[in-house]
1. Does A71 fit the bill of being in a strand (DSSP E or B), farther than 29 Å from S241 by Cβ and among the small types (G, A, S)?
2. Which of the helices (runs of 4 or more DSSP H) found entirely inside the stretch 190-273 contain at least 3 residues meeting this: small (G, A, S), outside the structural domain of Y46 (by TED's automatic domain parsing) and at pLDDT below 95?
3. Any residue in the stretch 298-312 that's aromatic (F, W, Y): show its pairings with residues that are crowded, with 17+ Cβ neighbours inside 10 Å at Cβ separation under 6 Å, as long as the two are six or more apart or on different chains.
4. Conditions: (1) within 25 Å of G154 (Cβ to Cβ); (2) in contact with a Ser or Thr (Cβ under 6 Å, 6 or more places away or on another chain). G67 meets all but one. Number of the miss?
5. Got a number for residues in the stretch 266-286 being farther than 26 Å from G233 by Cβ and not small (G, A, S)?
6. From (1) assigned by TED's automatic domain parsing to the domain that holds K177; (2) part of a strand (DSSP E or B), pick out the condition that doesn't hold for T303.
7. Within the stretch 156-172, does at least one residue satisfy the condition of being of a type outside the set (F, W, Y), touching a residue at least 40 places away in the same chain (Cβ under 8 Å), touching an Asp or Glu at 6+ places or on another chain (Cβ under 8 Å) and closer than 20 Å to F197 by Cα?
8. Looking at this structure, is E299 among the charged types (D, E, K, R), under 17 Å from the mean Cα position of the chain (by Cα) and at pLDDT below 95?
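The values are calculated or read from the model by the stated rules, or taken from the named source; none is laboratory data. All values derive from a computational prediction rather than experimental measurement. Here Cβ is always computed from backbone atoms with ideal geometry, including for glycine, and neighbour counts include all displayed protein chains.
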Amino acid sequence: MTKAIRIHETGGPDVLRWEDVEVGDPGPGEVRLRQTAAGLNFIDVYFRTGLYPAPAFPCVLGMEGAGVVEAVGAEVTDLAVGDRVAYADNPLGAYAEARLIPAHRLVKLPETIDDRQAAAMMLKGMTAEYLLRRTYKLRAGETILVHAAAGGVGLILCQWAKHLGATVIGTVGGPEKAELAKAHGCDHPILYREEDFAARVREITDGKGVAVAYDSIGKDTFAGSLKALARFGYMVSYGQSSGDVGPVDLSGGKMGEMRAKALFLTRPGLMVYNAERADLVACADALFEVVAAGAVKIEINQTYPLAEAARAHGDLEARRTTGSTVFEI
């Protein structure tokens, strides 16, 4: 038997339970992974609350982790016992000491990346990769808006965008987070609780607006993000930590900005962008490259024992965290 955090129903952090689970042997195409670290992400909250439906109950949460291969099933040819690997993908199950996982969703870790780094960056870093290089192909000299710029994805987005030659405007919740974001590539941090961020963006850009807005907040920032965009700008809505945006009316209302400026709107997801094995490997390799080169630094600003996942979820939802959070296993 091994231990895992499971939910038997949706709800608040109190539904997270530290329980004994049976892992078993890997089947065809699977490996058994002894996990050394797992990452905390807002998508875990979405599954816990029921915003995203869990595949079944009881359910082990978590989509990001790292560890060592303990056993391989039939038909697994490119991984061996002892390999260090990481992942950020379905199926759920990262909140566990050990798990079974499809081999084709794992990537081998280079020596330059340790397990804690990997668990802190795979989902967040690969999200940044597809947002900057595939959803909208960022070009040097462009100005962008990054919401939650001091968060896990936000800090990586700011650094990587700066590395690509962009000017970065970011929203943050307080002065300390503003300093953190500024130290990681954000040229113009905006305290969104004190300022109208859309108006401030227009001021910074001399009325032009930004080429793209990367919005993981959702309901509270969606309309303002549209206002902050330049003509033909891209609204990239990739999260909803403040709640669902809800129905949109393309003919007017909050969407009037789209018609007036011929904007583009997309709701991308990492699992779609990395559905093919070749895309997953290329995405991970690009992330490993910028981290190894020092262009992107992974900030692990909180660690928790896995058994204290409920406390970690509470801190994340209360916006008491910055950068990446890792569960030590």
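1. yes
2. 222-228
3. Taking only residues 6 or more apart or on different chains, the pairs are Y304/A312; Y304/F327.
4. Checking G67 against (1) within 25 Å of G154 (Cβ to Cβ); (2) in contact with a Ser or Thr (Cβ under 6 Å, 6 or more places away or on another chain), the one that fails is (1).
5. Residues meeting the conditions: 5.
6. (1)
7. Within the stretch 156-172, one or more residues are of a type outside the set (F, W, Y), touching a residue at least 40 places away in the same chain (Cβ under 8 Å), touching an Asp or Glu at 6+ places or on another chain (Cβ under 8 Å) and closer than 20 Å to F197 by Cα.
8. yes
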